Protein chains: 2
Amino acid sequence: MPQSIRTFSAPLIRRLPEYHSYLESALSQGLTTISSTAIAAHLNIDPIVVRKDCEAIGAVGRPRIGFDIPNLIAAIYEYMGWGNLDELVIVGCGSLGSALIGYNGFKKRGFKIIAGFDNDPSKAGILINGVSIFPINKMVNLVKRLHVEIGIIAVPPQAAQEIADMMVEAGIKGIWNFSPCALKVPKTVIVQQEDLITSLVILQKGMKHER
Amino acid sequence: MPQSIRTFSAPLIRRLPEYHSYLESALSQGLTTISSTAIAAHLNIDPIVVRKDCEAIGAVGRPRIGFDIPNLIAAIYEYMGWGNLDELVIVGCGSLGSALIGYNGFKKRGFKIIAGFDNDPSKAGILINGVSIFPINKMVNLVKRLHVEIGIIAVPPQAAQEIADMMVEAGIKGIWNFSPCALKVPKTVIVQQEDLITSLVILQKGMKHER
DNA sequence: TAGATTGTTAATCGATTAACAATC
DNA sequence: TAGATTGTTAATCGATTAACAATC
């Protein structure tokens, strides 16, 4: 089945890395096959979900035996696109921005922050975790020239829309927005809102609901 | 309608703060009422969604006129619980943990980080953004004594399960987990997984889907 | 009144869960 | 063979979208 007609589903994308990490550990323990039941038990979810997800990414198992672990790992790796490298730029190099630049998890998943931008002139020219920081007025040209398609916004909310406009002008197609504010962008540009506090409220509400 | 039988829905919780921020700006421009259509147009969503959400939080509008802005703001404030103060502790004060401790957005939404813990002895006793950092072996007692119910985990993945176990022992009921790994906890404890890279992959997949 | 907007009931859609036949 | 597990089809559930009567 060609990639293009596979369905795209956020819950699936969230679960696959969890399967992957468990499969890696199972493989390192010498196992070669595993049942959906076993994966599900370890992750505390329903086995049917695991079977459905395997089906969605095109992995096939064998009745009575389960799934071949290396195959399943490869299918997840392929579906998640961890083999391709995607380059990112980030605008806003305060404490959150710096933490993102310093985060090691990007590389393993096929992402690389190639430049940072900040409106504080004293930051221009410095390196954070090996990434060069530029003044913000260099952003549009640099992004155009390097054909970067994903931009991270980690600036105060009042500055976020202006940065988003610049990113759109620079040809960015996807914005990962850490500012708690709605951005106006053309329909061709996708915004992934990362409102940390909202996640925390969802946790809090979930706790009250549970009680 | 009492709080307890209102439905709990994550998408709703995500949208309400966006309404709130727009309502605040409309109010500061001297408006006193607003239609769901106007809110929806500004946020690029369907007006029906806005009306449904208003209904869910118990706000009532008037045909032809719309919703009273102060009332709607109050209803959101109440539903989100921004008036109550919830105390948090954080374990792991590296760059991500420090960025969270330094983040200003908690206060406005009724959250406060009251202590940080780290296994690096050189950090014991220091202040980050006014928050005291303690050695990790003080965590269980302090959390028990202060009856803190929410814990943040911002440690490397290989240490996350151990910290989660300690938190459960300390009586924590909700864990906000920034480590990319599944945690095993009793059913009475809720884990909100905050896998940053997964959000980025969802953005990336959305872009490919769009194209 | 006329018409814009709410509130409500029904339809759609997607994801999860259930049931069960196929298969090794 | 017997039985565990897959693969598939159907049912459920919740959220979104649509339709429309009520109302100011």
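The values are calculated or read from the model by the stated rules, or taken from the named source; none is laboratory data. Please read all numbers here as calculations on a predicted model, not as lab measurements. Here Cβ is always computed from backbone atoms with ideal geometry, including for glycine, and neighbour counts include all displayed protein chains. Surface areas here come from the heavy atoms of the whole protein model, side chains and all, with no ligands, DNA or RNA. Shrake-Rupley method; radii C 1.70, N 1.55, O 1.52, S 1.80 Å.
R0 = 45 Å: FRET efficiency of B:Ile114 with A:Glu55, Cβ-based, nearest 0.05? Don't jump to the answer; show the numbers that get you there.
Details: r = 46 Å, r/R0 = 1.03.
Here the calculated transfer efficiency is 0.45.
Once the Cα-Cα distance is subtracted from the 0.36 nm per residue extended length, the A:Ser122 to A:Lys184 segment shows a gain of 19.3 nm. When chain A is turned onto chain B, its residue with the beta carbon nearest the axis, and that distance in whole angstrom, is A:Ala99, 2. Taking every residue in A:185-198 and counting other chain Cβ atoms within 10 Å of its Cβ, the average works out to 5.
How shielded is A:11-17 by partner chains, expressed as the average number of their Cβ atoms within 10 Å of its Cβ atoms? Before the final figure, lay out each step's value.
On the way: counts 1, 2, 8, 6, 2, 2, 7.
The mean count of partner-chain Cβ atoms within 10 Å per residue comes to 4.
Put a plus charge on the Cβ of each Lys and Arg, a minus charge on the Cβ of each Asp and Glu, and nothing anywhere else: the dipole of the protein assembly as shown about its Cα centre is then about 480 debye. For the protein assembly as shown, rounded, prolate or oblate, judged on the Cα gyration tensor with a ≥ b ≥ c (square roots of eigenvalues), a/c < 1.5 rounded, else prolate if a/b > b/c? Rounded, since a/c falls under 1.5. Distances between placed amide hydrogens fall under 5 Å for A:Ile190 paired with A:Gly174, A:Ile175, all partners being 5 or more residues away or on another chain.
Legend: helices of chain A (whole DSSP H runs) are marked when their alpha-carbon atoms reach 20 angstrom or more along the helix axis and their mean Kyte-Doolittle hydropathy is at least -0.5; marked are A:10-28, A:196-210.
Which lysines have a Cα less than 24 Å from the Cα of A:Lys205, not counting those fewer than 8 places away in the same chain? Correct list for A:Lys205: B:Lys52, B:Lys107, B:Lys108, B:Lys112, B:Lys144, B:Lys173, B:Lys184, B:Lys187.
Would you rank A:His42, A:His20, B:His147 by solvent-accessible area, highest first, keeping every protein chain in place and using a 1.4 Å probe?
On the way: A:His42 80, A:His20 30, B:His147 150 Å².
Reading off the accessible areas and sorting them downward yields B:His147, A:His42, A:His20.
Between copies, A:Lys52 shows label-point distances of 1.9 nm, shortest first, with the point placed 7 angstrom from Cα along Cα to C-beta. Sorted shortest first, the separations between the B:Ala159 label point and its copies elsewhere in the assembly read 3.1 nm; each point sits 7 Å from Cα along the Cα-to-Cβ line. Listed values for the range A:119-125 are Karplus-derived 3J(HN,Hα) couplings in whole Hz (6.51 cos²θ - 1.76 cosθ + 1.60, θ = phi - 60°), namely 8, 7, x, 5, 8, 4, x, and x replaces Gly and Pro. Only the Cβ atoms of Lys and Arg (+1) and of Asp and Glu (-1) were treated as charged; on that basis the dipole of the range B:86-198 about its Cα centre amounts to roughly 340 debye.
Charging the Cβ of each Asp and Glu at -1 and of each Lys and Arg at +1, and nothing else, the dipole of the range B:3-80 about its Cα centre rounds to 180 debye.
Residues A:Asp195, A:Asp46, ordered by accessible area of protein heavy atoms at a 1.4 angstrom probe radius and largest first, appear as A:Asp46, A:Asp195. Taking amide H atoms as placed 1.01 Å from N in the peptide plane, the amide H of A:Thr33 lies under 5 Å from those of A:Ile69, each 5 or more residues away in sequence or on another chain. Given R0 = 22 Å, the distance between the Cβ atoms of B:Lys107 and A:His209 translates into a calculated FRET efficiency of 0.35.
Of all DSSP bridge pairs formed entirely within the range A:45-192, close to 15 percent run antiparallel.
Note on B:Ser95: accessible area is roughly 70 Å² with a 1.4 Å probe, heavy atoms of protein only.
Round to the nearest 10 and report in Å² the accessible area of A:Thr32, as given by a 1.4 Å probe over the protein chains' heavy atoms. Roll a 1.4 Å probe over it and A:Thr32 shows about 90 Å².
With a probe of 1.4 Å, find how much accessible area chain A has per residue, and write the answer as a whole number in Å².
Each residue of chain A exposes 50 Å² on average to a 1.4 Å probe.
Could you tell me the calculated FRET efficiency between A:Ile48 and B:Gln161, based on Cβ-Cβ distance and R0 = 22 angstrom, to the nearest 0.05? Walk me through the numbers before you get to the answer.
Working: r = 26 Å, r/R0 = 1.19.
So, using R0 = 22 Å, E works out to roughly 0.25.
Given the protein assembly as shown, what percent of its DSSP beta bridges are antiparallel, to the nearest 5? Mind dumping the intermediate values first?
Values: 10 of 52 bridges.
So the antiparallel bridges amount to about 20 percent of the total.
In this assembly of identical copies, the label point of B:Gly130 (Cα plus 7 Å along Cα-to-Cβ) is separated from its counterparts by 3.8 nm, sorted shortest first.
Placing B:Tyr79, A:Tyr103 in order of accessible area, with the largest value first and a 1.4 Å probe, yields A:Tyr103, B:Tyr79.
Under 5 Å between amide hydrogens, built in the peptide plane, is the criterion, and for B:Asp86 it picks out B:Phe111, B:Lys112 among residues at least 5 positions away or on other chains.
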